[in-house]
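Laboratory data are not the source of any read-out in this text; all were calculated from the coordinates shown. Here the structure is a predicted model, which is why all the values come from computation and not from measurement. All Cβ positions, glycine included, derive from the backbone under ideal geometry; neighbour counts span all protein chains shown.
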Amino acid sequence: MLVLEKNSLSEEIGKLVDLYGKDRSSLLPILQGIEKNHKYISDFAQQEVARLLDIHPVEVYSVVTFYSFLTHKPMGRNVVRLCQTITCDMFGKEAVAKAIERELGIKFGETTKDKSVTLEYANCLGMCDQGPAMLVNDQVYSHLTPEKAIEILEKLK
Amino acid sequence: MKENKETRAPESQKGHTIEKPKSSEGIGSMVSIEINGNKYSVPLGTTILEACKQNQIHIPTLCHHDDLCIAGVCRVCLVEVEGMRTLQASCAYPITHSLKIHTTSPQVRRARRHVIDLLLSEHYGECYACVRNNNCELQSLAKEYGVDQFTFGHVSAPLFEEDKSSYSVVRDMNKCVLCKRCVRTCIDLQEVGVLESIYRGHETRIGTFLDKPLADVICINCGQCINRCPTGALKANDPSDEIWLAIDDPTKHVVIQTAPSPRAAIGEEFDLGPGHSLTGQMNTALRRIGFDKVFDTNFTADLTIMEEGTELIIRLYKALVEGDKQIALPQFTSCSPGWVKYIEHFYPEYLDHVSSAKSPQQMFGALIKTWYSKKEGIDPANIVSVALMPCAAKKYECNRPEMVDSGYKDVDYGLTTRELAQMIKESGIYLPEMGKSHFDDPFGDASGAGLIFGATGGVMEAALRTIIELVTGVKVENVFENMNIVPVRGFEGIRYAELPIEKVGPVPEILKPLVPNWDWLKGATLKVAIAHGTANAKKIMEDIKAGGKFSECHFIEFMACPGGCLGGGGQPIPTSQEIRAKRAEAIYNEDASLPLRKSHENKHVLELYNDFLTDGPCGHISHKLLHTHYTPRGKYIA
Amino acid sequence: MENKVKREGAVIFSEYNRGDAVKKAISIGREDVLFELKESKLRGRGGAGFPTSTKWMLTAAAKSDKKYVICNADEGEPGTFKDRVLLLEYPELVFDGMVVGGYAIGAKEGIVYLRGEYEYMLKSLQDYLEEMRKDNLLGKDILGKKGFDFDIIIRLGSGAYVCGEETALIESLEGHRGEARNRPPFPVNTGLNGKPTTVNNVETFASVAHIVTKGGSWYSQHGTDKSTGSKLFSVSGDCKKPGVYELPWGTTINELLKIVEADNTKAVQVGGASGLCISKSQFDRQLGYEDLGTGGSIMVFNESRNMLHVLKNFMEFFVEESCGQCTPCRIGNVKLLEGVEMIEKGEYTFNYINKLKELGETMRISSKCGLGQSSPNPFISILENFKEEIFNNGKGGK
């Protein structure tokens, strides 16, 4: 990472710390903020957070790896999370999943070459009455069909 | 939002214990309970596990460790509490009202067996190929619960690669049972913060920052995690194969120096129970194994006192008399390599406070391959220098690139107490039956002051015995009864003492080139402090940073390990406060029995200054061989 | 996305205007709020069913300079989505309930722990809180009552089902991994930041708003003796009208299936993945703490569904969502999942499956928190209630 990038990231993290406070209890909101802006929490960012909150870097890493929505490896600009839990599964998740994989040319857990989309599974999204459902970043889409899902992904490009 | 920052262990791993009443007299301070149909009375807030222990009822445990906060995660210590739907982890359940407890009901036994079966199903490795064979808590549990098959299967291939990157600590996560003792040791007890649980669910494992090799993170190599690991998942980096090769090689002259703490603890490896000193027996056994010479590290402990004490006097003189504002005070001790690495990482801006004197191990290394080799006419290239240490960090220390002042690697191998015990067993020797013998010349038997280096406060006491006499001219035994400087002894995490210097004597010959007289110390008060365990060291450092009372100290002893060296990461397993206290007792008793108990009276040391370090303590030769420098490492992990 | 409630019952969806409960609470005073709550016999709506008044009284009685009211909106149980609907359509009920909670127990800070998956509703909820501040339903001296200060912040989860467990939720709020704590001590004494804390489900707070406004006895006249009031059910799966239903406690599964227009039903999973799966012969059982207590997830499976597949989906869920700290849950769920896969492949012995059932029984009583204590439920109930299908007719019969 370039020094300039590091400096601007430090500044950004500093602002998040100012906003939420220097206590350990601010850790999640701070990490969520970094994740939102950068689509992952880099090694440097994790250490910067640790330094500012006066905790150990491994404690930050421990928290980042615990939560599904926090990541330490770069994600695409958009993160698509298809629900894999039972009712979505019963109403056509598999077909939607295959269609998305085909269309994007990647498997679940992977990111497109142009870094535009990362594809993941999620556990129950709370849309069981309207499955299959998926999250695109923080927006939820329900009653998916392969066709509908592709249409939504098209708009991301 | 967070108010309580006292301990930084994750809440789930903290005790959440209930404060126990101070006396058993008050109303409601005792609770009557029933265990397995028998009635008992216990103080309010006692855990079920403690209550059972107090009443000789055995409950198996795995994640519980007396030195650490409560976790309640392994679920081995489950008991049945009448009226509760689920079984309770006895280690984590404080008794606040009358309970009826069953410790061996059928469902308790079945649950414990299931937990053990589950752990075994994911525990890779065969017991007979494990360093902890016969001293493994998982193995004992399996035996206790009559495990004769793998009910839920058994992993047939390793899932993780062994991490051997560190000179000191080897991690094999295939054997890990996720009891988190190492996590609690590293984060909470030591406040170093290398290890934590990473990932979630079945993927959970103990890891470092970014799951990097141990050598690449800010591990201080103290090895306290090893001492508390119930299985073979953590062990020291064992050099004994290389040492055997050297012993078996007739062209090699293999010498060993032995630190004070191993001799006070090695008996535990031979089922003696803690608190037996086996100094003489060990000397005999070492020769039997094939070491050509057996030296006493206490010799260089005495030398350290001379060097480090002189350094302190120089610093005080420059600061107090010459008014040099650049002089860093208080002076910190430098014998604990775990502490040295800790300060290099966490407080690099304070490195000029650390005494430049090498640790006794490294001083010895430098002397063996210079003075000794010359005196004995042995090519230093053919000398293999081994250091028996209670310590994991000493393995790292001898591999520091700067530790080559003799022109060779000053110390070739750091060997732990546990590893030596293994070598002794392999040689067919039952140590307690060995006859006693002395250390070899030219270093000979050293002083009790060097010996007590093994206990927390020992370096300070040894230094004070010398400083008091050299400065005041008064015999220590006339100031402190039996020469025991009690104010600096004990196990309290941080200790502080003040010694007023009421009168001064003449400057002894050896120090005359350095100070004209002692008048400048007359009426002064020497302020000293002691910390053991890096969590306590941290408290002192933070106080100094804030300009608190410790910043006014003159000399502070820091030991990385709780209890000092006798609780080191290379010592026999298990460890506990009680065991460490017994080891200390053995060391202090041996000190009291020695004819020589002051470093500056060690005639071999004086001979060395006459013969070799001719420009005296902190002179040029000594600076070249016996002093070192440190590396400001910081906390950033690249 | 649609959020229409399919059936509005007489309790939760009865008439309510923002601030009603807060006004009433201030006029009757703390003690009476707790009294009405006790009268109502309300039990926690998250699933465990702990009496809410007991929780609140303990928190109220705990002496401390600081206390917290936490709304558990980490609705992660598969098949549950009622909280989503409540928060989106009826936030006044939830937030008023929290304000009343703050008043009753003497807390000044309220926190909504909103699951990360629901981040899309964050903005509207925050806007709503802002409106409440303007109306002095939040802030200082609420509705003119001197010294009654209370405010609510929303904190997001980050994708961890276990954080629905109240002590794991508190850990998460403190910036740690969502690992459940040892209990005792309970959050009512030692909760967030070591302070007395009451953690309640979204629907519980909504119920409180009505109870305080209309009285505990009004509430308890609905439902049954031990299960008072009504319950929101999240119905999904094989039925014509999935959605949220408010039904009185005591409704039977058969009645419910008729209401949601489910045909050819073979199985009903009551209480989500961690609940019980019942078969046709038990459809006359009642929903309620006397029989089938639940947080409200009802998943319907018709004759075409493969129950072993359903079970596998649940067990995969638990293997991923276990926090991983305690042995029975971390490894036990893997063993149960492996068992399902063995059956799927036809490579099992009944001897081993029975051993796994025993292991499931152990997990129920030996896991550290509710997750591991309930995760064996589908394994045990599906293998028991659908053994014909799984072992004799299905693939497993090979």
Worksheet item: Along region A:118-130, what does the Karplus equation 6.51 cos²θ - 1.76 cosθ + 1.60 (θ = phi - 60°) give for ³J(HN,Hα), rounded to whole Hz, x for Gly and Pro?
Response: 10, 10, 9, 8, 10, 8, 2, 9, x, 10, 4, 7, 9
Fill in: trypsin sites (Lys or Arg not before Pro) restricted to DSSP loop in region C:1-100 with at most 10 other C-beta within 10 Å
C:Lys4, C:Lys63
Response to the item:
In the structure shown, of A:Lys157/C:Lys312; C:Lys108/C:Lys368; C:Lys195/C:Lys368; B:Lys503/B:Lys527, the pairs separated by more than 24 angstrom at the C-alpha atoms are A:Lys157/C:Lys312; C:Lys108/C:Lys368
Worksheet item: Considering only DSSP beta bridges with both partners in chain C, what is the antiparallel share in %, to the nearest 5?
Response: 45
Discussion item. Quick check for me: using +1 on Lys/Arg Cβ and -1 on Asp/Glu Cβ, what's the dipole size of chain B about its Cα centre, in debye to the nearest 20?
Written reply: 1440
Practice prompt. Return the percentage of antiparallel bridges among DSSP beta bridges fully within the protein assembly as shown, rounded to the nearest 5 %.
Written response: 50
Item to complete: Starting from the alpha-carbon convex hull of the protein assembly as shown, give the projected area averaged over all orientations, in nm².
Response: 50.3
Worksheet item: With labels modelled as points extended 7 Å from the Cα through the Cβ direction, what inter-label distance (nm, one decimal) is found for B:Ala215 paired with B:Asp441?
Response: 4.3
Fill in: DSSP bridge pairs, chain B: antiparallel proportion in percent, nearest 5
50
Response to the item:
Highest GNM mean-square fluctuation among C:Ala73, C:Ala48, C:Ala160, for chain C with Cα springs under 10 Å, belongs to C:Ala48
Worksheet entry | Entries in B:Lys358/B:Lys598; B:Lys549/C:Lys67; A:Lys107/A:Lys148; B:Lys164/B:Lys394 that, when Cα-Cα distance is taken, lie over 25 Å | B:Lys549/C:Lys67
Worksheet item: If you take all C-alpha pairs in chain A, what percent of them are over 18 Å apart?
Response: 61
Item to complete: In Å and from the alpha-carbon atoms only, list the Rg and Dmax of region A:3-66.
Response: 10.4, 30
Response to the item:
Computed for region C:307-397: size of charge dipole around the Cα centre, +1 on C-beta of each Lys and Arg, -1 on C-beta of each Asp and Glu, debye to nearest 20, value 220
Worksheet item: Shape of region C:5-220 from its Cα gyration tensor (a ≥ b ≥ c, root eigenvalues): rounded if a/c is under 1.5, otherwise prolate when a/b > b/c, or oblate?
Response: rounded
Discussion item. Show me the GluC sites (Glu not before Pro) within region A:93-157 that DSSP assigns to loop and that have at most 15 other Cβ atoms within 10 Å of their Cβ.
Written reply: A:Glu110
Response to the item:
A student applying the Cα gyration tensor rule (rounded when a/c is under 1.5; otherwise prolate if a/b is larger than b/c, oblate if not) would label region C:230-302 rounded
Worksheet, complete the sentence: Treating every alpha carbon of region B:27-104 as one equal point scatterer without solvent, the Debye formula yields log10 I(q)/I(0) values at q = 0.12, 0.17, 0.22, 0.24 Å⁻¹ of -0.29, -0.59, -1.00, -1.18
Worksheet item: Over what distance in Å are the Cα centres of region C:213-286 and region B:388-413 separated?
Response: 72
Practice prompt. For region C:230-302, compute the number of Lys pairs whose alpha carbons are separated by less than 14 Å, excluding pairs fewer than 8 positions apart on the same chain.
Written response: 5
Worksheet, complete the sentence: Non-local residues with an amide H under 5 Å from the amide H of B:Ala236, with H modelled 1.01 Å from N and Pro and chain starts lacking one, are B:Val170
Discussion item. Considering just Cα atoms, how many Å³ per residue does the convex hull of region B:356-396 enclose?
Written reply: 85
Practice prompt. Treating the Cα atoms of region B:81-142 as identical point scatterers in vacuum, please give the log10 of the normalised Debye intensity I(q)/I(0) at q = 0.30 Å⁻¹, two decimals.
Written response: -1.33
Discussion item. Can you compute the modelled spin-label distance between C:Ser304 and C:Lys140, with each label point 7 Å from Cα toward Cβ, in nm?
Written reply: 6.3
Discussion item. Spelling out what I want: for every residue of region B:176-186, take phi, set θ = phi - 60°, compute 6.51 cos²θ - 1.76 cosθ + 1.60 (Karplus), and round to whole Hz; glycine and proline get x.
Written reply: 6, 10, 6, 6, 6, 4, 5, 5, 5, 5, 6
Worksheet item: Along the three principal axes, how long is region C:25-99 when you take its alpha carbons, biggest first, rounded to the nearest angstrom?
Response: 37, 28, 25
Worksheet item: Modelled label-to-label distance, C:Asp65 and B:Tyr430, 7 Å Cα→beta-carbon offset: nm?
Response: 6.4
Worksheet item: For region A:152-157, in order, what is each residue's ³J(HN,Hα) by Karplus, 6.51 cos²θ - 1.76 cosθ + 1.60 with θ = phi - 60°, in whole Hz (x at glycine and Pro)?
Response: 5, 5, 3, 5, 6, 6
Item to complete: Please give the calculated 222 nm ellipticity per residue for the protein assembly as shown, where each DSSP H segment of at least 4 residues contributes -39500 (n - 2.57) and the sum is spread over every residue; nearest 500 deg cm²/dmol?
Response: -10500 deg cm²/dmol
